[in-house]
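Below: the structure, in structure tokens.
Read-outs: derived from the displayed coordinates by stated rules, not from any lab. None of the values given here were measured: they were computed from a predicted structure. FYI the Cβ positions are ideal-geometry reconstructions off the backbone, even for glycines, and counts take in every protein chain you see.
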Amino acid sequence: MEIINWKGILESVLFAAGDEGLSIKQIATVLEVEELRVQEIIHELQLDYEKDANRGIMLVQIAGVFQLATKKEHALYLKRLVESPGTAHLSQAALETLAIIAYKQPITRVEIEEIRGVKTERPLQTLASRALIKEVGRAEGAGRAYLYGTTKEFLDYFGLKTIEELPPLPEKIDDEEVQDEADLFFEKFNEL
Amino acid sequence: MEYNEYNVKIDAFEGPLDLLLHLINRLEIDIYDIPVAEITEQYLLYIHTMKELRLDIASEYLVMAATLLAIKSKMLLPKHEDESEEAFSFEEEEDPRDELVERLIEYKKFKEAAVEFKHLEEDRGLIYTKPPSDLSEFAKETQSEKNDINVTIYDMLAAFQKLMRRRKLQKPLATRVTRQEIPIEKRMTEIIELLGTGERKRFHDLFPVPDRSHIVVTFLAVLELMKRQEILVEQEQNFAEIFVTAQKGADKVGNY
């Protein structure tokens, strides 16, 4: 039986695909194997990269597709390749706005402003121009306000696999913890 | 110097809710049992400081000040005692602070989520990927038939962001500061000329110069040409490479 070096083939294909990445389905089509088998090959290659500290590349799933990326621990050297390493980070206002959209999408500007308690036009503009959010429709009712949602760029920007992978939103503020601390304090206080 | 310090401090708040959370935190107050008189006093102190520094106080801050005062006065009112309602009164009694507390908690959730996002942003900033390799020499010469233009402005923006990221890595190690303004019309003509042969070009290929202003002008030129229907922009599937072709009979860019 002929031995096919699937891992090597996958590596080549992913290298060529670059940051467009490939979905399991696409890889299955290219390699002409079952999707289940693709997952195995991906996993094997992932392990190879992980185990070997001498490899500078890793296989990650970002925004629903698999792609090759440099290892985090080498970032320092990569930054030296460019003149100004400082990428424009998002402002606090933009991050808050984006968080609200990510968890509550689709959502209108007014609803966002109600939560934040301030005007939010500028952060929305910034986010839209960076393609992190987009208009996904119109709200029912008077004015038919735009509804905003996150984009694939958003997933990519934060290195998320899918929208379901968002870190869970704290449902209740962990007030109990604070309460416990306070109780402890008073216990100590009474002991004195 | 001191002036600056204050300035920075006040700018650091994302709005009245943020300021309130800061005060609650600093005064070590239970968010579910806010001493309204105290917090109102502290809040107004901040507003006054802002005023003294002649900062523009966003109207939202004043609305919140009014809200706090309204709550404070409501709490001072004697509790309504009606015997017929006494049975309910334990559960039904409304705390004037409830609505504010609810808003604060809701806002706090997202403020915390934003911190999480910040971490993710930093983490993602540590890994790099490369643009797809040019495999066009393998491509079968299949000029895709005219399908409907299904490229939205958001696809264009996403493509633009990607391009800017790529340009960053290709930036020469030393740069001169120059100011060179390229008229959009000139780029439009150039693009039409480039596409003149009827050949399909990758969106990426329209940006040969790794210079920010050149990229921006080219991007605007592409959008304008799209609007005037002088070029056809296609994308075979979501997030795939965007291709650009000249529309038939659009060998001249006129009327401007």
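Remark: mean inter-chain Cβ contacts per residue of A:64-73 equal 3, using a 10 Å Cβ-Cβ cutoff to other protein chain atoms. Counting every C-alpha pair in region A:70-147, the share spaced more than 16 angstrom apart comes to 58%. Taken over the alpha carbons of region A:20-102 as equal point scatterers, the Debye sum produces base-10 log I(q)/I(0) values at 0.10 Å⁻¹ of -0.41.
Sparse packing (at most 11 other Cβ atoms within 10 Å of the Cβ) combined with a DSSP loop state is found for the following trypsin sites (Lys or Arg not before Pro) in region A:109-170: A:Arg144. Scalar couplings 3J(HN,Hα) for region B:96-107, obtained by applying the Karplus form with A = 6.51, B = -1.76, C = 1.60 to θ = phi - 60°, are x, 7, 3, 5, 5, 4, 4, 5, 4, 5, 4, 5 Hz; x denotes Gly and Pro. Applying 1/(1 + (r/R0)^6) with r as the Cβ-Cβ distance of B:Ile57 and B:Leu220 and R0 = 60 angstrom yields a FRET efficiency of 0.95.
Label-to-label distance for A:Ala53 and B:Leu77 is 7.0 nm, based on points extended 7 Å past Cα in the beta-carbon direction.
For peptide B:19-31, what's the mean number of Cβ atoms from other chains within 10 Å of each residue's Cβ?
Mean number of neighbouring Cβ atoms from other chains: 1.
A simple packing score, the average count of other Cβ atoms within 10 Å per residue, orders the peptides A:57-70, B:182-195 as A:57-70, B:182-195, with the highest score first. Each residue, A:Glu34 and B:Ala37, gets one label point 7 Å from its Cα in the Cβ direction; the gap between the two is 7.5 nm.
Put simply, the amide H of B:Glu14, placed in the peptide plane, has neighbours under 5 Å in B:Leu19, leaving out anything fewer than 5 places away on its chain.
If I take R0 = 22 Å and measure r between the Cβ atoms of A:Glu164 and A:His43 in this structure, what FRET efficiency does the formula 1/(1 + (r/R0)^6) give, to the nearest 0.05?
It comes out at approximately 0.65.
Residues A:Glu164, A:Glu121, B:Glu230, ranked from the fewest to the most other C-beta atoms within 10 Å, line up as A:Glu164, A:Glu121, B:Glu230. Using the Cβ atoms and a cut-off under 14 Å, what net charge is assigned to the surroundings of B:Val115, where Lys and Arg are +1 and Asp and Glu are -1? Residues close to B:Val115 contribute a combined charge of -4. Between A:Tyr146 and A:Ile3, the FRET efficiency estimated from the beta carbon spacing at R0 = 56 angstrom works out to 0.50.
Take each residue of peptide A:93-103, count the partner chain Cβ atoms within 10 Å of its Cβ, and average: the result is 5.
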